[in-house]
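Here, each number is a calculation from the coordinates, and none is a lab measurement. On a predicted model such as this, the values are computed, not experimentally measured, just so you know. Virtual Cβ from ideal backbone geometry, glycine too; neighbours counted across all protein chains shown.
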């Protein structure tokens, strides 16, 4: 993790890809979103989606999984350089979350994040706020999911 | 489920409560948000949260779980009256999601939803759009989570 001072507005991070397998889709749905088109292939075919597809909250949760994996890679790289990685703070909130197209069983989504704004926090000394635009595309290049996140980001101790 | 025409702006629905147990918090975190304060009690005590707490996406996913359970209860009640329940359509998106306070292991959250707007869909004949303000409070009555949702809602066939 780099510190707030090193975050560049406009920087884009490729967060990696995730394949939404039918069993994963159903497992998430049984726990958190038990609608027929997330649970059962046949019922999904008869629905307005036309096939088994992931809960929107599943698509969002996978973004978090990939974001944390990316942060851990960056922290490991910082440690390898002999530097202390920056701490990532909590998020005051997210905006404009859109599920643009269904994510079907077997779909591979590729997630990315672009820094769109940064500012020093007025309320928390030692921290900044970084705003990112986050999105996922399917293998056809169609954007299926997006939202705008703001997170606290540690300022350089220097 | 009632039809779009019967949805009243200002109506509030109690969605019920959910207890965030430590094992549930860790299970969700291992899959989607593997940060130390969601995975391990001791590491969480040393973090800025001060204790094991739920992933924000877990808090959101439980809202979905309770919303679906409420919709199923309403659909069963409609069928018991000899009526066809309205279909609930997909969501074009959510806005202004805020995680206001940590949700700690053992916390019981109570979720509620208030209709704040409704309008006929210009793009989908037979459907309206209903906007709700959704929130969760802990046992101390503190709001910990909120967001604004818009969903497609079936119009009355009559």
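Based on DSSP H segments of at least four residues, each scored -39500 (n - 2.57), chain A has a per-residue ellipticity at 222 nm of -8500 deg cm²/dmol. Each copy carries a label point for residue B:30 at 7 Å from Cα along the beta-carbon vector; from one copy to the others these points are 1.5 nm apart, nearest first.
Can you give the alpha-carbon Rg of the stretch B:81-144 over 2.2 N^0.38 Å, where N counts its residues? All intermediate terms of the calculation are to be shown ahead of the outcome.
Details: Rg = 16.2 Å, N = 64, 2.2 N^0.38 = 10.7 Å.
Dividing the Cα radius of gyration by 2.2 N^0.38 Å gives 1.51.
With its label point defined 7 Å out from Cα along the Cα-to-Cβ axis, residue A:51 lies at 4.6 nm from the matching points of the other copies, in increasing order.
With viscosity set to 0.692 mPa s and temperature to 37 °C, compute the Stokes-Einstein D of the stretch A:4-154, Rh being the Kirkwood radius across alpha carbon pairs; µm²/s, no decimals. Each step should come with its number before you reach the end.
Details: Rh = 16.8 Å.
The estimated diffusion coefficient comes to 196 µm²/s.
When the Cα atoms of the protein assembly as shown are aligned to their principal axes, the ranges along those axes come out at 69, 48, 33 Å in descending order.
If you take the Cα centroid of the stretch B:1-23 and the Cα centroid of the stretch B:45-82, the two points sit 9 Å apart. Helix B:56-80 and the long axis of chain B differ in direction by around 30°, with both axes built from C-alpha atoms.
Placing a label point 7 Å from Cα along the Cα-to-Cβ direction at residue A:83 gives distances to the equivalent points in the other copies of 6.2 nm, listed shortest first.
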